[in-house]
Amino acid sequence: MTDSPLLLDTTRVLTVHDVHVVRDGHVALRGIDAVAHAGRLLAVVGANGSGKSTLLEVAAGLLVPSRGEVRRREGLRIAFVPQTTALPAHLPLTVTDIVAMGMWGRLGAWRRARRADRAAVADAVDAVGLRPHAARRIGALSGGQRQRALLAQALVQRADLVLLDEPMAGLDARSREIIAGTIGRLTADGAAVIVVTHDLGELHGADEVLTLHEGRAA
Ligand SMILES: Nc1ncnc2c1ncn2[C@@H]1O[C@H](COP(=O)(O)OP(=O)(O)OP(=O)(O)O)[C@@H](O)[C@H]1O
Ligand SMILES: [Mg+2]
């Protein structure tokens, strides 16, 4: 199949081509191709150490491949929720504060949050099931609740590309369901979403699946 330039311009937000990554002298990715499309969910699966997180870091622009090409649509807004997030236990910020930080990119430093912005933050907190915890300090939450707060932050960012690294790992069934629903909402709103998971069954379906095996597409 040949790519029509029109299709390329309108739906492709990220193209990863023939990407190789060497970490610590170890080849973490070898010759990986992947495309993220607006409004679609790409699931990345594979065993521990197969390169899933490395691929997300490449997509986020945090790692530069040793070979290959990464193309992002111009002006792309990216939200990245990493696999593990170390937050200082005494960080004096509430769940609402953390979610509201997702607004910063759009508000700019000089504009105060308006009523509609505050409502969008409250909606996102609701969407991930954290309303009862909205006023609690982020450091006082469980790991899973924290992960959901970061997902809510990604929601209010209205990013074009959302990268989620095992967002459901270690969460209970209800939380997993909330996150699967949130992912559905993101793609329905037109975001391209890439999710790393160990269990495709916990997603409400994926448009594409990339399976990694020792750094290669399996
Ligand atoms: N920060 C790092 N520094 C050096 N090497 C790393 C780093 N992170 C990962 N690696 C190496 O890169 C390879 C791929 O790791 P990666 O974290 O991408 O795997 P993964 O598929 O996300 O695994 P998991 O399912 O355990 O999260 C592994 O061999 C790993 O040891
Ligand atoms: Mg990983």
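Each value in this text was obtained by applying a stated rule to the coordinates, not by laboratory testing. Quick caveat: nothing in here was measured; it's all calculated off a predicted structure. Counting neighbours? That spans all protein chains shown, and the Cβs are built from the backbone with ideal geometry, glycine included.
Quick notes on this structure:
- Evaluating 6.51 cos²θ - 1.76 cosθ + 1.60 at θ = phi - 60° for every residue in segment 44-61, the Karplus couplings come out as 10, 10, x, 5, 4, x, 7, x, 4, 5, 4, 4, 5, 5, 5, 4, 6, x Hz, glycine and proline recorded as x.
- Centroid-to-centroid separation of segment 51-88 and segment 145-218 [C-alpha atoms, Å]: 14 Å
- Under 5 Å from the amide H of Leu212 lie the amide H atoms of Val45, Gly46, Ala218, each residue being 5 or more positions distant or on a separate chain, with H modelled from the backbone and absent for Pro and chain starts.
- Take each peptide in 148-158, 207-217, count the other Cβ atoms within 10 Å of every residue, and average; sorted highest first, the result is 148-158, 207-217.
- Amide H to amide H distances under 5 Å link Leu63 with Val58, where only residues 5 or more positions off or on other chains count and H is placed in the peptide plane.
- Rounded to the nearest Hz, the phi-derived 3J(HN,Hα) couplings of segment 205-212 under the Karplus curve 6.51 cos²θ - 1.76 cosθ + 1.60 (θ = phi - 60°) are x, 10, 6, 9, 10, 10, 9, 9, where x marks glycine and proline.
- Taking the inverse of the mean reciprocal distance over all distinct Cα pairs, the Kirkwood hydrodynamic radius of segment 160-218 comes to 12.2 Å.
- Computed E for Ala119/Leu76 - FRET, C-beta separation, R0 30 angstrom, nearest 0.05: 0.70
- Inverse mean reciprocal Cα-Cα distance (Kirkwood Rh) of the chain, Å: 17.9 Å
- GNM top mover of Arg115, Arg30, Arg137 - the chain, alpha-carbon springs below 10 Å: Arg115
- In order along segment 71-80, the phi-based Karplus estimate (6.51 cos²θ - 1.76 cosθ + 1.60, θ = phi - 60°) of 3J(HN,Hα) comes to 10, 10, 4, 4, x, 4, 9, 10, 10, 10 Hz; Gly and Pro are listed as x.
- Computed [θ] at 222 nm, deg cm²/dmol, the chain (DSSP H ≥ 4; -39,500 (n - 2.57); rounded to nearest 500): -9500 deg cm²/dmol
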